[in-house]
Amino acid sequence: MDILAGLAEGFAVALTPLNLGLLIVGCFFGTLVGALPGIGPINGVAILLPLAYSLGLPAESALILLAGVYYGAEYGGRISSILLNVPGDASAVMTTLDGHPMAKNGEAGRALALSALASFVGGTAALVMMTVFAPFLGRVAVGFGPGDYVALMVFAFSCLATLVGSRPLKTIIGVVIGLMLATIGIDSATGVMRFTMGIPNLFDGMEFLIVVIGLFAISEALLLLESWTPVASTIRAQRDNIGERVREIVGYRWTMARSAVIGFFVGVLPGTGASIASAVAYGVEKRMAQGDDAMFGKGDPRGLVAPETANNAAAAGAMVPMLTLGIPGSGTTAILLGALLLFNVTPGPLMFEQRPEVAWGLIASMYMGNIALLVLNLPMVGIFARLLSIDTAYLVPLVVMLTFVGVFSLYGATFDLVLMLILGFSGYVLRKLGFSLAPVILGLVLGALLESNLRRALSISAGDWSILFETPAAIVFWLLAILVATSPLVMRVRRRKAT
Amino acid sequence: MSATTLWDRAFGAVLLGVAGLYAVDAWNIHVPFQYEPLGPTAFPLLLAAVLATTGVLLVARPDRVTWFTDRGQAFRVGAGAIVMGIYAALFVPLGFMISTALMTFAMARLFGLPAVKAAIYGVVLAIVGYFGIAEALGLNVPFGDIFRS
């Protein structure tokens with residue numbers, strides 16, 4: 001019963017006044033950044049990360065805050081999807097399909113309440129699965145050698161290349177750019193400088209925070225400048241009878257059960273996150289409803305409940321490989337992983353034993369966070385809806401100011417500000433060319449891990465590359481990687497045969 | 001401006017150049033003592049090879065990309081980049097409050113806020129921001145070199 005003992009310890013950590021306060025702040029801020037179009041969970045976490053770091057919070061408290069922002073944003077993303085037909089973040093795209101038509105039919109209040117309840121069910125169900133599976137996966141992963149890790153990371157990258165972004169080629173380029181950024185600085189095994197161009201600020205490597213903030217927040221500011229149009233919007237959300245909605249949502253229990261399981265497992269897969277989970281769940285629900293699916297896309301509540309359950313389940317699922325293997329499941333969890341490393345916590349199979357207060361404290365805080373988010377989102381949805389009408393003219397300077405403060409407070413160096421801007425302008429160019437930035441961050445976070453495991457494996461084998469294909473676990477990962485990488489090709493051939 | 005494959009082709013060429021420079025730099029790393037078969041150069045060389053290959057593929061099969069649809073977009077992005085650059089340059093010399101007020105004013109103007117409102121917002125954000133961040137949170141933000149003499 002070490003799971004229950006762990007959870008008990010976790011609740012003891014999460015219930016301290018500081019952590020409880022940070023949890024509520026994180027959930028509130030997360031809903032807000034999720035709701036505001038343009039500022040997704042990645043930006044929210046990226047902006048808060050240096051502030052949390054500079055404030056000297058303990059590791060578990062910082063993680064509770066940042067994770068609150070992360071899954072809080074999955075709650076918030078639906079608000080602008082439903083009211084404005086503009087997804088607040090990438091995973092809320094599917095929510096627009098049936099959520100916005102419901103709002104147009106005068107059922108905005110019903111749609112908001114139903115989706116909040118579905119988010120809660122999805123998030124909580126995934127947490128239960130996480131509580132059961134994470135320690136188990138951790139125990140399996142304890143036996144992984146360096147060769148297994150290399151294969152696992154290749155698998156993660158091939159999932160990413162196949163499923164994320166406009167084109168596999170561009171995703172691979174993104175990953176390689178991230179891996180290259182990770183090689184800058186002193187090589188820890190030999191102590192030699194690599195790719196520092198003689199700049200002392202780079203001797204310790206690219207500061208993770210600066211890369212994240214530059215790539216995401218600064219490029220976002222430029223994109224907002226580009227897409228700005230002088231139109232004012234008016235949004236209203238009406239209150240709703242919550243008791244009636246609770247009764248209604250029970251009627252969708254099988255939809256939610258299916259979507260939660262799909263969401264969780266898609267989230268667990270390395271490299272795939274909430275946006276893919278919600279798309280898969282929506283597709284499955286539509287197929288299940290065959291014969292009775294005329295309302296899908298025109299305001300069918302099932303089309304709203306399914307993606308909202310799934311994206312919250314995936315947000316929790318994506319934490320599982322991050323915590324137990326040290327391999328993040330999505331762009332935002334890659335940043336959370338970077339955050340853990342900053343606080344000298346190495347995520348991986350041993351974390352549940354060595355730093356239980358971080359691992360279990362985080363899981364316990366997520367249970368409470370889901371409750372806090374439900375409470376925040378049912379009665380206070382009107383406030384968040386009104387915040388949607390905040391003019392970008394007020395928002396962007398605030399974001400720019402926070403990024404500068406965050407980066408400057410690290411070392412007090414103007415060089416870091418310039419580096420952040422250079423990275424931000426590059427990030428903007430990449431996004432304009434159709435690159436997704438999550439692969440870059442994943443490459444950056446995993447670069448050192450991949451290289452050191454590769455070198456360690458070849459040291460063990462005295463230079464024999466076959467060590468990478470020897471253990472059963474490694475072989476499974478390589479086969480999965482090949483399967484995933486070739487699946488679009490197979491699908492295309494099949495489709496061609498069918499026609 | 002219309003969609004063109006030129007951007008992707010140019011970017012592929014840039015990647016090829018970066019891969020070359022990176023490979024040369026990796027090749028020139030000298031290690032006094034090496035106890036492992038791979039050493040610090042092998043992994044970077046592998047990355048350079050992958051980047052060069054993908055760069056060639058991108059030049060060969062580019063996507064169509066539309067950059068700006070009108071002049072206003074190009075102006076706002078360019079101006080925004082310059083505003084942030086100046087903000088970085090003035091952050092330490094002028095201090096947080098003055099530089100933030102100036103940046104906020106310029107940025108808000110780019111988003112179409114009337115001048116008076118933008119100026120008020122700049123001053124409010126600078127003062128509230130300074131006391132919130134430096135005093136309440138205790139973070140390290142520059143007070144300004146010009147006030148020191």
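The values are calculated or read from the model by the stated rules, or taken from the named source; none is laboratory data. Bear in mind the structure is a predicted one, so any value in this text is a computation, not a measurement. Cβ placement follows ideal geometry from the backbone for every residue including glycine, while neighbour counts extend to all protein chains displayed.
Table: residues versus (1) of a type in the set (Val, Ile, Thr); (2) modelled with pLDDT under 85.
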{"position": "A:Gly273", "(1), (2)": "no, yes"}
{"position": "A:Gly283", "(1), (2)": "no, no"}
{"position": "A:Asp300", "(1), (2)": "no, no"}
{"position": "A:Ala315", "(1), (2)": "no, no"}
{"position": "A:Met322", "(1), (2)": "no, no"}
{"position": "A:Ser330", "(1), (2)": "no, yes"}
{"position": "A:Ile335", "(1), (2)": "yes, no"}
{"position": "A:Leu341", "(1), (2)": "no, no"}
{"position": "A:Val358", "(1), (2)": "yes, no"}
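Of the listed requirements (1) farther than 21 Å from A:Ser219 by Cβ; (2) surrounded by fewer than 23 Cβ atoms within 10 Å (Cβ to Cβ), A:Ala90 misses just one: (1).
For the range B:27-44, filtered to residues that are surrounded by 15 or more Cβ atoms within 10 Å (Cβ to Cβ) and part of a helix (DSSP H, G or I), the residue that is farthest from the chain's Cα centre (by Cα) is B:Gly39.
Within the range A:409-421, residues that are facing chain B (nearest Cβ under 7 Å) and in contact (Cβ under 8 Å) with a residue 24 or more places away in the chain have Cβ atoms under 8 Å from residues that are in a helix (DSSP H, G or I) and among the basic types (Lys, Arg) in no pair, counting only partners at least 6 apart in sequence or on another chain.
For the range B:95-149, residues that are part of a helix (DSSP H, G or I) and either touching a strand residue (DSSP E or B) at 6+ places or on another chain (Cβ under 8 Å) or among the basic types (Lys, Arg) (or both) total 2. Before we move on, is A:Ala438 at pLDDT below 90 and either within 11 Å of chain B (Cβ to nearest Cβ) or crowded, with 22+ Cβ neighbours inside 10 Å (or both)? The answer is yes for A:Ala438.
Of all the residues in the range A:284-318, those that are touching a helix residue (DSSP H, G or I) at 6+ places or on another chain (Cβ under 6 Å) and either of a type in the set (Asp, Glu) or under 30 Å from A:Leu340 (Cα atoms) (or both) number 15. Taking the criterion of being crowded, with 24+ Cβ neighbours inside 10 Å and touching a Leu at 6+ places or on another chain (Cβ under 6 Å), no residue of the range A:409-426 qualifies.
Taking the criterion of being within 9 Å of chain A (Cβ to nearest Cβ) and under 18 Å from the mean Cα position of the chain (by Cα), would at least one residue in the range B:138-148 satisfy it? Looking through the range B:138-148, none of the residues is within 9 Å of chain A (Cβ to nearest Cβ) and under 18 Å from the mean Cα position of the chain (by Cα). Of all residues in the range B:95-105, those being more than 8 Å from chain A (Cβ to nearest Cβ), in contact with a Leu (Cβ under 8 Å, 6 or more places away or on another chain) and crowded, with 19+ Cβ neighbours inside 10 Å number 2. Checking each residue of the range B:65-77 against the condition of being within 9 Å of chain A (Cβ to nearest Cβ), under 24 Å from the mean Cα position of the chain (by Cα) and either under 26 Å from B:Ile127 (Cα atoms) or among the basic types (Lys, Arg) (or both) gives at least one match.
Only a single item in (1) in contact with a helix residue (DSSP H, G or I) (Cβ under 8 Å, 6 or more places away or on another chain); (2) closer than 30 Å to A:Ile82 by Cα is not met by A:Gly21, and it is number (1). Would the range A:166-187 turn up any residue that is within 10 Å of chain B (Cβ to nearest Cβ), small (Gly, Ala, Ser) and free of Cβ contacts under 8 Å to residues at least 60 places away in the same chain? The answer is no; no qualifying residue exists. Restricting attention to the range B:108-149, the residues that are β-branched (Val, Ile, Thr) and at pLDDT below 85 add up to 3. So which of A:Gly185, A:Gly147 is surrounded by 21 or more Cβ atoms within 10 Å (Cβ to Cβ) and farther than 15 Å from A:Leu442 by Cα? One residue alone meets the criteria, A:Gly147.
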